[in-house]
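The structure under discussion appears below in the form of structure tokens.
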Amino acid sequence: MRRPDLPEDVSLFLITVDTLRWDAPGFMGSERDVTPNLDALVAGGTIYDRAYALGSYTGQAIPPLLTGRYASELHRNNRHETKVSDRETFAAELVCGPKVKCGAVLSHFLFDRQFGWSQGFHDWIMAPSSPPEQMSRDLKYNSHSVAAKAIEWLSKPENTEGRFWFWTHFMDPHKEYIEHPGFRRFGDDRRDMYDHEVLFTDHHIGEMLARFRELPAAGRTVVIVTADHGEAFNEHGRWCHGKELWEEIIRVPLAVVGPGVAAKRIARQTSQIDLFATILDLFGVKAPEGIHGRSLVPEWVEGQELPERPVIADQPRNPYYETRRAFIKDGWKLHDLPDTGTHRLYRITEDYERGDSLVESEPEAFARIKEAYDLFVATELEPLPALDYGGDYRSMPPPQGARRDRRP
Ligand SMILES: [Zn+2]
């Protein structure tokens, strides 16, 4: 397969937006014009129409994205705030070094260095929030300070004159949805206020992109835009995210733009598990043996498309959530609920998980997809490993229901 004409010194700008569900940006179909800056950015790029996050919330979505390993495979603690062992190899550890400068600007306590996600990065910058005293209820906002810290990093010539990987994570679409004076409002319901937050976030992304575009390096930099997970608005009797792996919670936008990247849309289902191999490929780093995922770089060329693969989203049990897995193949989606020994089956391309599970009414499809899922688990996933860097997931205490919905 021919590779895009990537510059030899190609760099990467990764922009992730927390809780940005798949249909929120204009480039994914929203008609509210809440992402004019992201829309303009990706207009000339490759857009993935059916991209999936790796988990239901930040702590089980971002570490897998950075390591190419599903959440249940990671050596980690058993807390909602996921601490990842330094036994895990993060993409930045393979990419960053004297020839590639790596910086990240983060926006939430979950990213604090103590949790180990910063492995490999030279600069790991936590953006302050306003107002800090309201952190406990998430009544904070910080897109302005993420953008300011990003502009500061981008403006230091020593960061971008050579190859670099720069990553910014914006947080504000996350609940609580709060009002930002001076920004357009769409109404008072939760989706209206969420879209208002997306608009606010996009505005500050636009300010950051304006500075980025002035850099000499902009012309040799690939920009990837995506989210860590989506957001539910009561489609399945649930708000926010975490806990379940419904489409609204795990489907995310994914777009790529840059030198050599074609303007096209890819309809095939795609998992963020591929981003690990993709990032390594961009920097010419050979992927370790036996990793999940594959580089998406070859299909950024016009006329190329990779074959479909099953998609899996993984939610190992934590103190607040039960174990869940979702397996998507051939237009079917299987939910595995091992804590109760039950499954759900949907034909997602047609019914978007509406109505009753088809486990009983479509026994042949259920048997076929379940068999493929069992094979995938047996052959692709490492056996459920260490918690607290030892022990076994079966020894974990049951989830505490009372606080489940209160967590980020
Ligand atoms: Zn998140």
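The values are calculated or read from the model by the stated rules, or taken from the named source; none is laboratory data. Note that the structure is a prediction, hence the values are computed from the model and not measured. All Cβ positions, glycine included, derive from the backbone under ideal geometry; neighbour counts span all protein chains shown.
In region 1-52, what residues are crowded, with 20+ Cβ neighbours inside 10 Å and at positive phi?
T19
What do you reckon, is A71 out of contact with any helix residue (DSSP H, G or I) (no Cβ under 9 Å at 6 or more places or on another chain) and crowded, with 23+ Cβ neighbours inside 10 Å?
Taking the combined requirement at face value, the residue does not satisfy it.
Can you tell me which residue in region 154-203 is nearest to A127 (Cα to Cα), limited to those that are touching a Ser or Thr at 6+ places or on another chain (Cβ under 8 Å) and in a loop (DSSP other than H, G, I, E, B)?
Filtering first and then ranking leaves M171.
What is the one condition in (1) out of contact with any Leu (no Cβ under 6 Å at 6 or more places or on another chain); (2) surrounded by fewer than 21 Cβ atoms within 10 Å (Cβ to Cβ) that T270 does not satisfy?
Single failed check for T270: (2).
Output the residue which, of all residues in region 324-355 that are without any contact (Cβ under 8 Å) to a residue 40 or more places away in the chain and of a type in the set (V, I, T), is surrounded by the most Cβ atoms within 10 Å (Cβ to Cβ).
Among them, the one singled out is T349.
Taking the residues in region 5-45 that are among the hydroxyl-bearing types (S, T, Y) and either within 28 Å of Y57 (Cβ to Cβ) or not in a strand (DSSP E or B) (or both) as candidates, determine which candidate is farthest from the chain's Cα centre (by Cα).
Per the stated criteria, the residue is S30.
Mind telling me which of the residues A255, A313, A263, A287 ends up being hydrophobic (A, V, I, L, M, F, W, C) and at pLDDT below 95?
Step by step, each of A255, A313, A263, A287 is checked, and only A287 is hydrophobic (A, V, I, L, M, F, W, C) and at pLDDT below 95.
Taking the condition in contact with a strand residue (DSSP E or B) (Cβ under 7 Å, 6 or more places away or on another chain) and within 16 Å of the ligand (Cβ to nearest atom), does Q315 pass?
Spelling it out, Q315 is indeed in contact with a strand residue (DSSP E or B) (Cβ under 7 Å, 6 or more places away or on another chain) and within 16 Å of the ligand (Cβ to nearest atom).
So how many residues does region 292-348 have that are under 19 Å from the mean Cα position of the chain (by Cα) and not in a loop (DSSP other than H, G, I, E, B)?
The total comes to 11.
What are the residues in region 1-49 that are of a type in the set (S, T, N, Q) and within 16 Å of the ligand (Cβ to nearest atom), if any?
Of everything in region 1-49, those that are of a type in the set (S, T, N, Q) and within 16 Å of the ligand (Cβ to nearest atom) turn out to be T16, T19.
Answer yes or no as to whether G55 is touching a helix residue (DSSP H, G or I) at 6+ places or on another chain (Cβ under 6 Å) and surrounded by fewer than 22 Cβ atoms within 10 Å (Cβ to Cβ).
no
I'm trying to understand the selection: among the residues of region 81-109, which are β-branched (V, I, T), within 16 Å of the ligand (Cβ to nearest atom) and either part of a loop (DSSP other than H, G, I, E, B) or at pLDDT 95 or above (or both)?
T82, V105 - these are the residues of region 81-109 that are β-branched (V, I, T), within 16 Å of the ligand (Cβ to nearest atom) and either part of a loop (DSSP other than H, G, I, E, B) or at pLDDT 95 or above (or both).
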